[in-house]
Amino acid sequence: MRKKAHIDSTLTKNFLIGILFFFLNGQNSAFSQISVNSYAEVGSNAVSQGVFGNFSAQVSGQFGSFNATTGGLLSISKAGENIFSAYSLALSNDIQIHKHNINVKGFYLWKPISADFRETNFGLLAQFRASHFGFIVGVNTRFYSFSQAAVLKYGFPDSIHTSFWEPVNAMYKFSYYQQFSPKLNFEASITNYDRYFIQQETNPMILTNLTYNYNSNLQFYSELGYMQAGLLNMHVNYFGLYLRGGVIWRLN
């Protein structure tokens, strides 16, 4: 139905307005700390038709106890129809539960899969970390839909559903941390999501991260990710191997 194609855009607007209102209403001070996280990655998977390349830039701002992060992803591959392939926005804060610090984050993720078709995600995550172990658990809801332009372009009848809703998907990340030196840190994780994609619960991936703290304002990192087809799922999506290198620059 044409009306359903408009559901995700309406929710998107309401969600973004809510985050903006919460931000403006909750804080009167300017950002106390701003950082830029930028990376490039190469890899291959079942749908890239060869090697793909991605470039991402994310900007984070700390205001009081809250942190806001926004960024986008550029992708180049033989199979890719859109160079601009993802946009994300997140707001997080630390809370205390039984004397333990828990980071709670709400996020929005938008992905134009093609010129006519897009994916929209809303989610909530909670993170706990100890010295060597940590976990993140949460849920997301996801919409797949044709754009309004595509609905008009192809003349879909009212009997055709132009959007699909996945009400609830579980998200998880279980990590092990090891500090090799004051400047060098290692992390290994099993997870079903990464910065710009969220898989089904039965599609886990292995993600390793090596971070070098050059100084208090500059941090370099490299990541290696590997994903199999997943239990009870067809081999049709992001499954493959990728290598990522990035830098985090704290501006103040």
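The values are calculated or read from the model by the stated rules, or taken from the named source; none is laboratory data. Here the structure is a predicted model, which is why all the values come from computation and not from measurement. For neighbour counting, all protein chains shown are included, and Cβ atoms are generated from backbone atoms with ideal geometry for every residue, glycine included.
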*Within the range 187-229, which residues are part of a loop (DSSP other than H, G, I, E, B) and closer than 20 Å to Phe135 by Cβ?*
Asn192, Arg195, Gln199, Gln200, Glu201, Thr202, Asn203, Pro204
*Which pairs do you get when a residue that is closer than 29 Å to Asn169 by Cα, found in the range 143-159, comes within reach of a residue that is in a loop (DSSP other than H, G, I, E, B) and of a type outside the set (Gly, Ala, Ser), reach meaning Cβ atoms under 6 angstrom, with the pair 6+ apart or on two chains?*
Phe146/Asp116; Phe146/Thr162; Ser147/Asp116; Ala150/Asp116; Val151/Thr162; Phe156/Thr162; Asp158/Met1
*Considering residues of the range 50-68 that are under 14 Å from Ser32 (Cα atoms) and either charged (D, E, K, R) or in contact with a strand residue (DSSP E or B) (Cβ under 8 Å, 6 or more places away or on another chain) (or both) only, the residue modelled with the lowest pLDDT*: Ser65
*What number of residues within the range 72-94 are at pLDDT 90 or above and not hydroxyl-bearing (Ser, Thr, Tyr)?*
10
*Just checking, how many residues over the range 79-127 are out of contact with any Ser or Thr (no Cβ under 7 Å at 6 or more places or on another chain), exposed (fewer than 14 other Cβ atoms within 10 Å of the Cβ) and over 19 Å from Val151 (Cα atoms)?*
8
*Quick one: which of Tyr221, Tyr226, Tyr176 is at pLDDT 95 or above and closer than 25 Å to Ser48 by Cα?*
Tyr221
*May I ask you to list the residues in the range 112-127 that are over 18 Å from the mean Cα position of the chain (by Cα) and of a type outside the set (Gly, Ala, Ser)?*
Asp116, Phe117
*Limited to the range 124-146, what total is found for residues that are aliphatic (A, V, I, L, M) and at pLDDT below 95?*
1
*asked:* On the basis of being of a type outside the set (S, T, N, Q) and touching a residue at least 24 places away in the same chain (Cβ under 8 Å), does Gly61 make the cut?
replied: yes
